[in-house]
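Read-outs throughout are calculated quantities, based only on the coordinates presented, and are distinct from any laboratory measurement. None of the values given here were measured: they were computed from a predicted structure. Cβ atoms come from the backbone with ideal geometry, glycine included; neighbour counts cover every protein chain shown.
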Amino acid sequence: MVDGTRPDSGQDGERKSQLFELPPELAIDADVARRVMVGFIRNQLEQAGFSRGLLGLSGGIDSAVVACLVAEAVGPENLLCLLMPYRSSSPESIEHARLVVDQLGCASDLVDISPLVDGYFGRDGELGAGGAAAGGATPLRRGNLMARARMGVLYDRSVTWGGLVVGTGNKTESLIGYSTIFGDSACALNPIGDLYKSQVRQVAAAMGVPDEIIRKAPSADLWPGQTDEIEGGFSYPELDRLLFWMIDKRRTDEELIAMGFADGAVARVKRLIAVSEFKRQVPPVAKLGPRTTGVDYLYPRRRPGSARRP
């Protein structure tokens, strides 16, 4: 492993500070990746006839990076960041989100989703709209509804803001299914969807995302003390390495094990990828007519007449 660093100004000229652990095979040219993603955002918005974007800013590294990319692509005045805590969310998440908003100078709004979630599940022994079946919901069920409530808020605000919802999910989470379908995975475009978590950290360092956001343990903030790595039983650097060799380099199980990956880890990750395939594809349609959408009635996103403006 190598250290993820970025230059800091100081009396000695170029002082380096360690920010994260970076597997060497995951190293990328962050400046090139940044230019590609900024151009992607700008082009996707223009093709759809929009000049503005909005996203959910969680206080984590992924949404912080995407906020920086959108601000660079279309200007901070055309970016809206929504902070959407639940009543049990960590206060640190809001603090870190505000750091990004202040740094970028973009518009922001805070929407407490607690009444939305509690209105369905209930609270303090009182049943909500979901009735008894929702009363004993597990933290996972509650977390999924939180993610979908946030996306519902985002898409509603996209109307008043006049912009497209920009996704904040990375490649690692997408591959292992660590996302909520029609929740945090829903979006109109996703600039970081082909970056592993380790690579998102590289881009974050290159774009000046605050150090405390880069260094902190990634968390979906579903319940107090929850972190992605503890819940999933993995470390992102090691998981990213395995996914890189398994997916990008197409190594066989035998080759992966020979490289030093545990056979149990290889089997588990392959299983996670397989069972979450439905999350990465559009819903299939039963073909009944001569031209079926998504089957043989296919057009690119930039089809003639798709732009909202002439």
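With the cut-off at 25 Å, report for the stretch 83-189 the share of all Cα pairs above it, as a whole percent.
Value for the stretch 83-189 (Cα pairs over 25 Å): 27 percent.
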**Prompt:** Sequence-distant or interchain residues sharing an amide H contact under 5 Å with Leu83, placed H: which?
**Reply:** Leu57, Asp109, Leu110, Val111
**Prompt:** log₁₀ I(q)/I(0) of the stretch 238-310 at q = 0.11, 0.17, 0.21 Å⁻¹, via Debye over equal Cα point scatterers, no solvent, to two decimals?
**Reply:** -0.53, -0.75, -0.89
**Message:** Of the listed values [x] 31, 24, 18; [y] 36, 21, 21; [z] 29, 26, 25, identify the label whose number matches semi-axes √(5λ) of the Cα gyration tensor in Å calculated from this model.
**Reply:** [z]
**Request:** Pop out the ³J(HN,Hα) list for the stretch 208-216 in order, Karplus 6.51 cos²θ - 1.76 cosθ + 1.60 with θ = phi - 60°, rounded to Hz; leave Gly and Pro as x.
**Result:** x, 4, x, 4, 5, 6, 5, 7, 6
**Asked** Taking the Cα centre of the stretch 16-280 as the origin and placing charges on Cβ (Lys, Arg +1; Asp, Glu -1), which of Asn78, Ile230, Val209 is farthest toward the positive end of the dipole?
**Response** Asn78
**Request:** Of the DSSP beta bridges with both residues in the chain, give the percent that are antiparallel, rounding to the nearest 5.
**Result:** 40 percent
**Item:** Violating pairs (Cα-Cα greater than 21 angstrom) within the set Lys197/Lys279; Lys249/Lys270; Lys171/Lys249; Lys216/Lys270
**Value:** Lys216/Lys270
**Message:** Springs between alpha-carbon pairs under 10 angstrom, Gaussian network model over the chain: which of Arg157, Arg241, Arg250 fluctuates most?
**Reply:** Arg250
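Out of the trypsin sites (Lys or Arg not before Pro) in the stretch 30-115, which ones are loop residues according to DSSP with at most 15 other C-beta atoms within 10 Å? Can you show the working numbers first?
On the way: sites: Arg34, Arg35, Arg42, Arg52, Arg87, Arg98; in loops: Arg52, Arg87.
For trypsin sites (Lys or Arg not before Pro) across the stretch 30-115 that sit outside H, G, I, E and B with at most 15 neighbouring Cβ atoms in 10 Å, the list reads Arg87.
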**Request:** Quick one: which residues, 5 or more positions from Phe20 or on another chain, have an amide H under 5 Å from its amide H? H modelled 1.01 Å from N in the peptide plane, none for Pro or chain starts.
**Result:** Gly4
**Item:** Note, ³J(HN,Hα) from phi for the stretch 77-83, Karplus 6.51, -1.76, 1.60, rounded to Hz, x at Gly and Pro
**Value:** 5, 9, 10, 10, 10, 9, 9
